[in-house]
Amino acid sequence: MRNLIAGLCLLMCAFASGVDSAEQKDVEQSVTVRCHGKLRTGIVSVGGETTGTTITFHKRVWELNLQDEETVGFSENHNKEPVTAIGTLRKVHGTETKTRWIIDVQTLEERDAKVTAEGLQLTIVGTLRSVKATPHHAAQLTIESGQISWPISFPMDPKLQAKAETLVGKTVSIHGAFEVDHDGAARESVVQVKTLTVVEKTAE
């Protein structure tokens, strides 16, 4: 009888553990972008390290991975014109080009430059981190997503920064834009955060 009870207890514990595992399913990290810039097609690179299509904004040039014939046709008809590209962003290490930023395009559309200025908005789902200060660098909050670490800032909302500092190590979703210098160039990957929310793990 004792062996039977012990066996039932072990079975119940295993079942409970399985439920907990389902409830603690990891959140998928992602970087979704809405990029307003100038389209270029027919790009050729040494070693073939290019998708052949790029978008330029704030003196940055990122590649576009066009995934269907309709989007390819659109790009050919709008070469050197202002467009908006929406999709997911990834970072690729190349040979000829050290770092390649590639947008896997979901939507490519015309942009009225008089209405929508060039720039980049990002929604990043990842883990908040805190980088300690060094003799050459101040302390910095970052968000890690897909093996990319993005420095983040809160210049317009000190309360939001205080909230973020309490969430270090947590999975969050942030929405923001690249900071831009006075000369119109985007600062090196610093994301100016507008909103921040905690992302809860979901059941399978």
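If we count other beta carbons within 10 Å of each Cβ, what is the order of V61, V172, fewest first?
V61, V172
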Expressed as cubic angstrom per residue, what is the convex hull volume of the alpha carbon set of the stretch 35-118?
87
Taking every alpha carbon pair in the stretch 121-198 and sorting the distances into 5 angstrom bins from 0 up to the bin holding the longest one, the percent per bin comes out as 3, 16, 27, 28, 17, 8, 2, 0
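What do you get for GluC sites (Glu not before Pro) in the stretch 89-173 restricted to DSSP loop and a cutoff of at most 11 other Cβ within 10 Å of the site's Cβ?
Taking the stretch 89-173 and a limit of 11 other Cβ atoms within 10 Å, the loop GluC sites (Glu not before Pro) found are E96.
Values in this text are rule-based calculations from the coordinates and carry no lab data. As the structure is a computational prediction, the values presented were derived from the model and not from experiment. We place every Cβ from the backbone using ideal geometry, glycine too, and count neighbours over all the protein chains shown.
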